[in-house]
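For reference, the structure is listed below as structure tokens.
The values are calculated or read from the model by the stated rules, or taken from the named source; none is laboratory data. Computed from a predicted structure; not experimentally measured. When we count neighbours, we look across all protein chains shown, and the Cβ atoms used for this are built from the backbone with ideal geometry, even at glycine. The protein model used for the area step is the full one, side chains on, heavy atoms only, and it has no ligands, DNA or RNA in it. Shrake-Rupley method; radii C 1.70, N 1.55, O 1.52, S 1.80 Å.
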Amino acid sequence: MNYDKSKALFQKAKQLMPGGVNSPVRAFRSIGMDPPFICRGNGARIYDEDGHEYIDYVCSWGPLILGHAYPAVVESIQQQAALGTSFGAVTRLEVDMTEMITQAVPSVEMIRMVNSGTEATMSAIRLARGYTGRDKVIKFVGCYHGHADALLIKAGSGAMTFGVPDSEGVSPAITSDTIVTAYNDAEALDHVFEQWGRDIAAVIFEPVAGNMGTVPPQMDFLREIEYLCGKYGSLMICDEVMTGFRVHYGGAQRLYGIKPDITTFGKIIGGGLPVGAYGGKKEIMRYVAPDGPVYQAGTLSGNPLAMAAGLTTLKILRDNPVIYQELERRSGLLESGIKRCVRLAGIPICVNRVGSMICLFFTDIDVKDYDTALTSNTRRYADYFKHMLEKGIYLPPSQFETFFVSAAHSDEDIQYTIEAISKAFNHL
Ligand SMILES: Cc1ncc(COP(=O)(O)O)c(CN[C@@H](CN)CCC(=O)O)c1O
């Protein structure tokens, strides 16, 4: 396939932006090829500068649950833009948006809009520390909550350990307050609380892990988080940036019957525009300025364009529950088709799915946490990715990401994808 225009653009981009990208995963480093430059999307499809068409399973990393350039969403952005793009003042749109989210997610009684998932989780941690007067936070290995210093931490050596920076530039002072332990390991979490319980401000977790590939939660693990937070007076921060309005209109917390103290949102609630939010019990949220002493602000927070796009998206999801039924049916079709191809090809692959969040791990081990995810053969994933791209299927350019089915993916798209997977497996 000819990528001349993308290659020329990438040469120029690499002189202008670190790695030629504005987010590392877009550089396709783990795939070992230059990325195609995308210029247009429509429904389940995206198109690159060299004229190639792809069925898109990245969906902008989750926001586009309705598909690209959904007419009603585009129209709402156009209408709002004609009225003004940003005022830095209170607007009706923010009232409507926060009302929609609080009605959809009962644990969220009050909410603050911000501009990204990172801002949402960073602010939620600051709020938990301000509310509890404690400093330590627990996160889980393999969970990603954006790039705020306190959360850009991976496990150090040993099962229960203070994290080590996931990046240069994160000071040791920050890492000393972040404790990292294994996802889906209730016993390990118990030990952390036994030692640090009264110092723990919060536990932040992905209710379905989507950033080490897709890893469903084990119920005993979720229950243990809830129990220990209650017992020690720590706050349960459910990071629904990816799962919010994705796996259920009420989020993963509705699917698994948990009631967090704080929930973070992003992606879908902005309908493809920059957005984030954090919310929870009024008693806690009233600690946020200007009501309370925990400061947080943002020039474009609650931006009218993002509110308009997000509101239209959420209204469509709220008023058409059949969308989730269809997402489940088609995602199930894709999962069973993939498993059929795996059996026929005799390739060791673990397929994990929650709703329209799916991942193929090239390993013969059941992937239930970061360590088991790491057994995946990333070279094989890269080969698979390239074969699929050649067949017009655009997947996440990393083994450790989730791919998404949107409401725009038709049964024919799913069938074509399964056939492409079958052919790709024959070349591995
Ligand atoms: C559960 C969860 N919490 C927080 C974030 C950070 O959100 P943003 O700051 O990228 O809007 C994310 C961001 N997800 C990644 C996808 N793996 C964004 C893609 C990227 O970094 O380019 C998330 O999945």
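Evaluate the stretch 214-222: report whether one residue or more is of a type in the set (Asp, Glu), at pLDDT 95 or above, within 24 Å of the chain's Cα centre (by Cα) and outside any helix (DSSP H, G or I). No, the conditions are met nowhere in the stretch 214-222. So which residues in the stretch 288-338 are hydroxyl-bearing (Ser, Thr, Tyr) and within 19 Å of Met97 (Cα to Cα), if there are any at all? Scanning the stretch 288-338 gives Thr299, Ser301, Thr312, Thr313. When you go through (1) open to solvent by 10 Å² or more (accessible area, probe 1.4 Å); (2) not in a loop (DSSP other than H, G, I, E, B) one by one for Ala201, which number turns out not to apply? Looking at each condition in turn, Ala201 falls short on (1). Going through (1) small (Gly, Ala, Ser); (2) open to solvent by 40 Å² or more (accessible area, probe 1.4 Å); (3) within 16 Å of the ligand (Cβ to nearest atom) one by one, Gly19 falls short only on (2). Considering Ile349, Ile338, the condition of being under 28 Å from Asp383 (Cβ atoms) and free of Cβ contacts under 8 Å to residues at least 40 places away in the same chain is satisfied by Ile349 alone. Please indicate, with yes or no, whether at least one residue in the stretch 378-389 is under 21 Å from Asn42 (Cα atoms) and touching a Leu at 6+ places or on another chain (Cβ under 9 Å). There is at least one residue in the stretch 378-389 that is under 21 Å from Asn42 (Cα atoms) and touching a Leu at 6+ places or on another chain (Cβ under 9 Å).
From the list Glu119, Glu99, Glu94, Glu75, the one residue that fits, being within 16 Å of the ligand (Cβ to nearest atom), in a helix (DSSP H, G or I), over 29 Å from Ser376 (Cβ atoms) and open to solvent by 30 Å² or more (accessible area, probe 1.4 Å), is Glu119. Among the residues of the stretch 32-53, is any part of a strand (DSSP E or B), within 14 Å of the ligand (Cβ to nearest atom) and surrounded by 14 or more Cβ atoms within 10 Å (Cβ to Cβ)? Yes: the stretch 32-53 contains one or more residues that are part of a strand (DSSP E or B), within 14 Å of the ligand (Cβ to nearest atom) and surrounded by 14 or more Cβ atoms within 10 Å (Cβ to Cβ). In the stretch 257-285, the qualifying residues are those that are open to solvent by 40 Å² or more (accessible area, probe 1.4 Å) and outside any loop (DSSP other than H, G, I, E, B), and the one that is nearest to the ligand (Cβ to nearest atom) is Lys267.
Scanning the stretch 122-157 for residues that are away from the ligand (no atom under 16 Å from the Cβ) and either within 20 Å of the chain's Cα centre (by Cα) or at pLDDT below 95 (or both) yields a total of 3.
For the stretch 393-412, enumerate the residues that are open to solvent by less than 10 Å² (accessible area, probe 1.4 Å) and more than 20 Å from Val247 (Cβ to Cβ).
Those that are open to solvent by less than 10 Å² (accessible area, probe 1.4 Å) and more than 20 Å from Val247 (Cβ to Cβ): Ile393, Pro397, Gln399.
Looking at the stretch 311-423, none of the helices (runs of 4 or more DSSP H) lying wholly inside it contains 3 or more residues that are in contact with a Cys (Cβ under 9 Å, 6 or more places away or on another chain) and of a type in the set (A, V, I, L, M, F, W, C). Checked across the stretch 165-175, the condition of being under 26 Å from Arg246 (Cα atoms), part of a strand (DSSP E or B) and not hydrophobic (A, V, I, L, M, F, W, C) holds for no residue.
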